[in-house]
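A.B. asks: I'd like to ask you about the structure that follows.
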Amino acid sequence: MKYVIVIADGMADEPLDELNGKTPVVEANTPNMDFIAKNGYTGLAKNVPDGMTPGSDVANTSIMGFDPSMLKGRGPLEAPSVGVSLGDNDVAFRLNFINVEDGKINDFTADHISTEEAEELIKALNENFGDIGKFYPGVSYRNLFVIEDLSMEELKSTPPHDVVGQPVEDNNLKPDNEKSQLINKLMEDSVKVLENHPVNKKRVSEGKLPANMIWLWGQGAKPVIGNFPEKYGMSGATITGVDLLKGISTYINLDVIEVPGATAYFDTNYQNKVDYALESLKTHDVQFIHIEAPDEAGHEGNLPEKIRAIENIDSIILEKLLKELPNIDSEYTIAVLPDHPTPIDIKTHTMTPIPFAIYSTNIKEPDDTEFYSEDMSKGKYDTIIGHTLLSEMIKISKE
Ligand SMILES: [Zn+2]
């Protein structure tokens, strides 16, 4: 038995006026998602426990079968994929390169700065502020800052994608103390180093937004989440373009499969993702395939791109999986779901439970759901706890 979990990040949405009350996934042409929903079991999953913020870290840890309350911030989860092994006294912050205009957060991605440009800027930060902590390059605007001071874990920081358009000074780290002042001043001082950097001068001359500030958030020490092969008695692997998910996978002993062209954006190479997944399934029991594009479209409020991303997942990834899986193993179980909603109109993640659909070659009587949508009221399941979903898949596969 092989298990495949396709995670369409942020796919779930709300009914939209411009779609006559339909959601993007209902509007999109998704025959393969619909096949899985129609011939399988469906329901809702609460991937984000009450009291936790609906981040991709929390929601995807649930999907990977572990209680996300063990998480300690997003920074440490991104450390493994940038080659950083955290020491016992280290606290890792996620570092975004952002664009600030008139004292307000204008773009939390710094216009999707390239990895090469970000590496140059990280070098400059290490030269200027290396006495405070160490800066590590990641992918595009997603980078890392590590400081040896466990008390930094207590500070409250703000994800920049939640405060676009708001003044920087309203969103500094809190409470106001010596520790928060150190980090807030570091962010403020980064402006002087970055705004005149040759990388940014070139970007401005090319009509791109400069990465003129760093934003530090999601900090935490090394987490202890669990061990996937031990807990589930199976080997597993993850395909994703997002460092955060590579990190979670590393901590729980899932193999991370690097896929050329996996950009975590609209232009990601869907074809490579499915081809590498099928190859990986020859040696792994469980394969997670994560696609970031619908979430990015949600954050940008970009409805056409969201629909296109959903259709690409369906027509390239799910289509090929359903065609090729029987050639790898006559028995397989496949799930499709988002981690959390990123509604077009809200432009950020919400707490709403997400719709899931599971098809297994061993299901004999599917439930009454006709197609994949946010409405799973005819499904076999009501709302289940997110981190029990994988166990449920395994149970279904053994019916
Ligand atoms: Zn997400």
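A.B. asks: Taking only pairs six or more apart or across chains, which ones have beta-carbon atoms under 8 Å, a first residue in the range 100-122 that is farther than 17 Å from residue 264 by Cα and touching a residue at least 24 places away in the same chain (Cβ under 8 Å), and a second residue that is small (Gly, Ala, Ser) and open to solvent by 40 Å² or more (accessible area, probe 1.4 Å)?
C.D. replies: Note: pairs meeting the criteria are 104/165; 105/165; 106/165.
A.B. asks: Only one of (1) open to solvent by 10 Å² or more (accessible area, probe 1.4 Å); (2) closer than 30 Å to residue 108 by Cβ; (3) of a type in the set (A, V, I, L, M, F, W, C) fails for residue 337. Which number is that?
C.D. replies: Of everything listed in (1) open to solvent by 10 Å² or more (accessible area, probe 1.4 Å); (2) closer than 30 Å to residue 108 by Cβ; (3) of a type in the set (A, V, I, L, M, F, W, C), residue 337 misses just condition (1).
A.B. asks: Give the residue that is farthest from the ligand (Cβ to nearest atom), with candidates limited to residues of the range 1-25 that are part of a loop (DSSP other than H, G, I, E, B) and aliphatic (A, V, I, L, M).
C.D. replies: Step by step, filter the range 1-25, then rank; the result is 1.
A.B. asks: Also, quick follow-up: Looking only at the range 362-380, filter to residues that are touching a strand residue (DSSP E or B) at 6+ places or on another chain (Cβ under 6 Å) and open to solvent by 30 Å² or more (accessible area, probe 1.4 Å); which one of those is nearest to residue 286 (Cα to Cα)?
C.D. replies: Here the answer is 380.
A.B. asks: Hey, could you check the range 43-78 for residues that are part of a helix (DSSP H, G or I) and away from the ligand (no atom under 15 Å from the Cβ) and say which is most open to solvent (accessible area, probe 1.4 Å)? Spell out the reasoning first.
C.D. replies: Kept after step one, since they are part of a helix (DSSP H, G or I), are these residues of the range 43-78: 56-63, 68-70, 75-78.
The next check asks that each one be away from the ligand (no atom under 15 Å from the Cβ); those that pass are 69-70, 75-76.
Details: 69: 71, 70: 93, 75: 0, 76: 0 Å².
Here the residue is 70.
A.B. asks: Okay, moving on. Can you work out which of the residues in the range 223-233 that are part of a loop (DSSP other than H, G, I, E, B) and surrounded by 15 or more Cβ atoms within 10 Å (Cβ to Cβ) is farthest from the chain's Cα centre (by Cα)?
C.D. replies: 226
A.B. asks: Just to check your reading of the model, which residue among 319, 399 is at pLDDT below 95, surrounded by fewer than 18 Cβ atoms within 10 Å (Cβ to Cβ) and more than 20 Å from residue 235 (Cβ to Cβ)?
C.D. replies: Just one listed residue meets the conditions, 399.
A.B. asks: Between a residue in the range 245-263 that is among the polar types (S, T, N, Q) and any residue that is in a loop (DSSP other than H, G, I, E, B) and open to solvent by 40 Å² or more (accessible area, probe 1.4 Å), which pairs come within a Cβ distance under 6 Å, given they are 6 or more apart or on different chains?
C.D. replies: Close Cβ pairs (under 6 Å, with a partner that is in a loop (DSSP other than H, G, I, E, B) and open to solvent by 40 Å² or more (accessible area, probe 1.4 Å)) amount to 253/227.
A.B. asks: Next up: Report whether or not residue 170 is open to solvent by 20 Å² or more (accessible area, probe 1.4 Å), in contact (Cβ under 8 Å) with a residue 24 or more places away in the chain, assigned by TED's automatic domain parsing to the domain that holds residue 124 and not in a loop (DSSP other than H, G, I, E, B).
C.D. replies: Against the criterion (open to solvent by 20 Å² or more (accessible area, probe 1.4 Å), in contact (Cβ under 8 Å) with a residue 24 or more places away in the chain, assigned by TED's automatic domain parsing to the domain that holds residue 124 and not in a loop (DSSP other than H, G, I, E, B)), residue 170 does not qualify.
A.B. asks: Among the residues of the range 266-279, is there at least one that is within 16 Å of the ligand (Cβ to nearest atom), among the hydroxyl-bearing types (Ser, Thr, Tyr) and modelled with pLDDT under 95?
C.D. replies: Yes, the range 266-279 has at least one match.
A.B. asks: May I pose another question? Output yes when any residue across the range 324-340 is within 16 Å of the ligand (Cβ to nearest atom), more than 26 Å from residue 39 (Cβ to Cβ), of a type outside the set (A, V, I, L, M, F, W, C) and assigned by TED's automatic domain parsing to the domain that holds residue 372, and no when none is.
C.D. replies: The answer is no; no qualifying residue exists.
A.B. asks: Please go through (1) farther than 20 Å from residue 31 by Cβ; (2) away from the ligand (no atom under 16 Å from the Cβ); (3) open to solvent by 30 Å² or more (accessible area, probe 1.4 Å); (4) not β-branched (Val, Ile, Thr) for residue 347 and return the number of the only condition it doesn't satisfy.
C.D. replies: Among (1) farther than 20 Å from residue 31 by Cβ; (2) away from the ligand (no atom under 16 Å from the Cβ); (3) open to solvent by 30 Å² or more (accessible area, probe 1.4 Å); (4) not β-branched (Val, Ile, Thr), residue 347 violates only (2).
A.B. asks: Counting only residues that are assigned to a helix (DSSP H, G or I) and open to solvent by 20 Å² or more (accessible area, probe 1.4 Å), how many does the range 124-145 have?
C.D. replies: Selection size over the range 124-145: 4.
Here is a yes/no grid of residues against (1) under 20 Å from the mean Cα position of the chain (by Cα); (2) part of a loop (DSSP other than H, G, I, E, B):
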| residue | (1), (2) |
| --- | --- |
| 323 | no, no |
| 340 | yes, yes |
| 355 | yes, no |
| 364 | no, yes |
| 374 | yes, yes |
| 393 | no, no |
| 399 | no, yes |
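The values are calculated or read from the model by the stated rules, or taken from the named source; none is laboratory data. Model, not experiment: these values are computed from the prediction. No Cβ is skipped: glycine too gets one built from the backbone with ideal geometry, and neighbour counts run over all protein chains shown. In case anyone asks, the SASA skips ligands and DNA or RNA and just uses the protein heavy atoms, side chains included. Shrake-Rupley method; radii C 1.70, N 1.55, O 1.52, S 1.80 Å.
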